[in-house]
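The values are calculated or read from the model by the stated rules, or taken from the named source; none is laboratory data. Remember, it's a predicted structure, so these values are computed and weren't measured experimentally. Here the Cβ is made from the backbone with ideal geometry for all residues, glycine too, and neighbour counts use every protein chain on show.
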Amino acid sequence: MRNSYDYIIVGADSAGCVLANRLTESGEHTVLLLESGGRDANRWIHIPIGFGRVMFDREVNWMFETEGFTVYHAVGTCKMGSDAAAVVDQKLRVHGMQSMRVIDASVIPVVTSGNTNAPVIMIAEKAADSILRGD
Ligand SMILES: Cc1cc2nc3c(=O)[nH]c(=O)nc-3n(C[C@H](O)[C@H](O)[C@H](O)COP(=O)(O)OP(=O)(O)OC[C@H]3O[C@@H](n4cnc5c(N)ncnc54)[C@H](O)[C@@H]3O)c2cc1C
């Protein structure tokens, strides 16, 4: 562990991995990537047909549930905008905080008609560009 890092990313799955990869690819920046989940030792995670085996395994699928129906594509808990209910601005910076952004599926405004993983990766790619530009 170092004493300081240029960026701290919480969560090392879809958005977090893309961000960490992009922010460190030049070798100029350091990233601390924090992940609360366990090791991905479960062999069923790594093969597409394993999906059915892990769907109801609470070690793998934390079974996050809401009153709304998301078909496993939970989004929309961090509103983007400038009104009182908004959490982040258009650059995903948290209102009232310095140097903190929310970069994940939570900034997608409504459940998409397709799957969410690719949109999340796109959000992380664009956010990494924005951070590296110094926006
Ligand atoms: C069962 C299921 C099946 C899915 N199937 C598909 C599919 O086939 N295709 C598709 O496109 N999308 C699918 N999705 C949706 C897709 O997985 C998500 O949209 C995408 O992973 C969201 O990315 P994210 O980076 O926002 O969050 P996540 O990928 O969930 O990453 C969040 C990470 O943060 C970690 N974390 C949480 N809290 C903390 C904390 N306090 N400290 C440190 N780390 C923390 C978590 O362990 C996790 O690794 C599926 C989702 C589920 C639940």
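Worth pointing out:
- Of the criteria (1) more than 8 Å from the ligand (Cβ to nearest atom); (2) closer than 19 Å to residue 101 by Cβ, which one residue 16 fails: (1)
- From the list 58, 22, 39, 43, the one residue that fits, being closer than 22 Å to residue 105 by Cβ and surrounded by fewer than 13 Cβ atoms within 10 Å (Cβ to Cβ), is 58.
- Which listed residue, of 128, 86, is touching a residue at least 12 places away in the same chain (Cβ under 8 Å), surrounded by 10 or more Cβ atoms within 10 Å (Cβ to Cβ) and among the small types (Gly, Ala, Ser): 128
- Qualifying residue in the range 40-55 (condition: part of a helix (DSSP H, G or I) and charged (D, E, K, R)): yes
- Residue count for the range 1-19 satisfying the condition of being exposed (fewer than 11 other Cβ atoms within 10 Å of the Cβ) and modelled with pLDDT of 95 or more: 1.
- Identity of the residue in the range 103-115, crowded, with 20+ Cβ neighbours inside 10 Å and not in a helix (DSSP H, G or I), that ends up nearest to the ligand (Cβ to nearest atom): 104
- Residues of the range 103-129 classified as within 18 Å of residue 79 (Cα to Cα), among the aliphatic types (A, V, I, L, M) and touching a helix residue (DSSP H, G or I) at 6+ places or on another chain (Cβ under 7 Å), total: 8
- Single residue of the range 1-13 satisfying the filter (outside any loop (DSSP other than H, G, I, E, B) and in contact with a Ser or Thr (Cβ under 9 Å, 6 or more places away or on another chain)) that is nearest to the ligand (Cβ to nearest atom): 10
- Taken over the range 24-65, the residue count meeting the criterion of being aliphatic (A, V, I, L, M) and either more than 9 Å from the ligand (Cβ to nearest atom) or closer than 27 Å to residue 6 by Cα (or both) is 8.
- Boolean, residue 75 is surrounded by 14 or more Cβ atoms within 10 Å (Cβ to Cβ), of a type in the set (Val, Ile, Thr), within 13 Å of the ligand (Cβ to nearest atom) and not in a helix (DSSP H, G or I): yes
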